[in-house]
Amino acid sequence: MSEPDVRLVRMSDAEVKAWLPVAMAHYEEARMEAGDTPEQAAAGRRASEERFFPEGRIVDGQLLHAIRIGDEDAGWLWVGPWDDSGSVWWVWDLMVHPGYRRRGVARRAMVAAEEIARDHGAITLMLNVFADNEAAIALYDALGFRAASLHMAKTL
């Protein structure tokens, strides 16, 4: 099976506004699955929204893309700098909708993320992945990402 023709299309302000509650709900749920209390997950969501989406608009320098295959919405990719230096960029969020998974879409989006970050002067690209997301971890390993830190937890 050949890889699909994946395109990244920057989201408009209206698309960001529609995307934000959906993406933040996914983020909050992932935090709870990783061990946060509902209160901690909600606080993490609020902190992310305040830092990156004040008044519901993405801050300058952060790049939010719809992932498209033809005219179809296959997911999203959010990348941007960690701070004003611009040398370290993050893949803040990557989501491939279930019907498009296991088809090379995430791989193509990640390669594009590397190109975008490099084109903006980044020398390092980082990301966070929750430990139960084994498919994503395998992809990131295959793309050359290595653990920079490791949080571990034990339920008591």
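The values are calculated or read from the model by the stated rules, or taken from the named source; none is laboratory data. Owing to the predicted nature of the structure, the values given are computational and were not obtained by experimental measurement. Cβ sites come from the backbone with ideal geometry, for glycine too, and all protein chains shown count toward neighbours. For accessibility, only protein heavy atoms count, side chains too; no ligands or nucleic acids. Shrake-Rupley method; radii C 1.70, N 1.55, O 1.52, S 1.80 Å.
If the requirement is being in contact (Cβ under 8 Å) with a residue 60 or more places away in the chain, more than 24 Å from ALA18 (Cβ to Cβ) and among the basic types (Lys, Arg), which of these qualifies: ARG103, ARG146?
Every option except ARG103 fails the conditions.
May I ask you to verify whether GLU39 is of a type outside the set (A, V, I, L, M), over 16 Å from the mean Cα position of the chain (by Cα), assigned to a helix (DSSP H, G or I) and at negative phi?
When the stated conditions are applied, GLU39 passes them.
Given (1) more than 20 Å from GLU134 (Cα to Cα); (2) open to solvent by less than 20 Å² (accessible area, probe 1.4 Å); (3) touching a helix residue (DSSP H, G or I) at 6+ places or on another chain (Cβ under 7 Å), where does ALA117 come up short, assuming only one miss?
(3)
Which condition number does LEU8 fail, the rest of (1) on the phi < 0 side of the Ramachandran plot; (2) more than 16 Å from the chain's Cα centre (by Cα); (3) not in a helix (DSSP H, G or I) being met?
Just one mismatch for LEU8, condition (2).
Kindly check whether there is at least one residue in region 120-136 that is under 17 Å from ALA23 (Cβ atoms) and assigned to a strand (DSSP E or B).
Yes.
If you check ASP132 against the conditions, is it open to solvent by 60 Å² or more (accessible area, probe 1.4 Å) and closer than 22 Å to ASP36 by Cβ?
Yes, satisfied.
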